[in-house]
1. Is there a residue in region 67-74 that is within 15 Å of the chain's Cα centre (by Cα), under 15 Å from Ser50 (Cα atoms) and at pLDDT below 95?
2. Could you list all residues from region 86-124 that are touching a strand residue (DSSP E or B) at 6+ places or on another chain (Cβ under 8 Å), charged (D, E, K, R) and part of a helix (DSSP H, G or I)?
Amino acid sequence: MINTNKPVQDFLATLDEDTLKDSEILFEIMQRISNAEPKIWNEHTIGFSSYHYKYDSGREGDSQILSFYPRKAKITIYLMDGTARYATLLDKLGSHTTTGYCVVVKGLGDIELSVLEEILQQSYDYIKSISQTGSVDRILWKTEK
């Protein structure tokens, strides 16, 4: 993941009204959980806090712990430790789809925000705990269950 120097507020200003409202809610939740200032990752992803990874292959870098990518038709919320760990909570979330590390919603009105916040808190706490002892040595969303 590439952390850019693009101002977050400049990116938020490009969003339509409904997407901006949902983004502001996610922004507040993720900032409260992480106690970190947001940064733009990969042009359009708003991320909070980061961890370092270094794999046996030699590949290393930094990635955001909490993040989302707002678009007009949907919002992608990234769980860097994967969605499999949260199957029970995701069953209670509301209308969404998932991939290995993404939860995709049409809008926050379609989901239970308290459930999403619980998932985000658990994900943040888990990644922070394993990254405190050094670099993360595996692709979390592929290995964590």
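1. Taking every residue of region 67-74 in turn, none turns out to be within 15 Å of the chain's Cα centre (by Cα), under 15 Å from Ser50 (Cα atoms) and at pLDDT below 95.
2. Asp110
Each row is one residue, and each column tells you yes or no for (1) hydrophobic (A, V, I, L, M, F, W, C); (2) surrounded by fewer than 17 Cβ atoms within 10 Å (Cβ to Cβ).
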{"residue": "Asp18", "(1), (2)": "no, yes"}
{"residue": "Ile25", "(1), (2)": "yes, yes"}
{"residue": "Met30", "(1), (2)": "yes, no"}
{"residue": "Ser34", "(1), (2)": "no, no"}
{"residue": "Pro38", "(1), (2)": "no, no"}
{"residue": "Trp41", "(1), (2)": "yes, no"}
{"residue": "His44", "(1), (2)": "no, yes"}
{"residue": "Tyr51", "(1), (2)": "no, no"}
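The values are calculated or read from the model by the stated rules, or taken from the named source; none is laboratory data. Bear in mind the structure is a predicted one, so any value in this text is a computation, not a measurement. Using ideal geometry, Cβ is built from the backbone for each residue, glycine included, and neighbour counts are taken over all protein chains shown.
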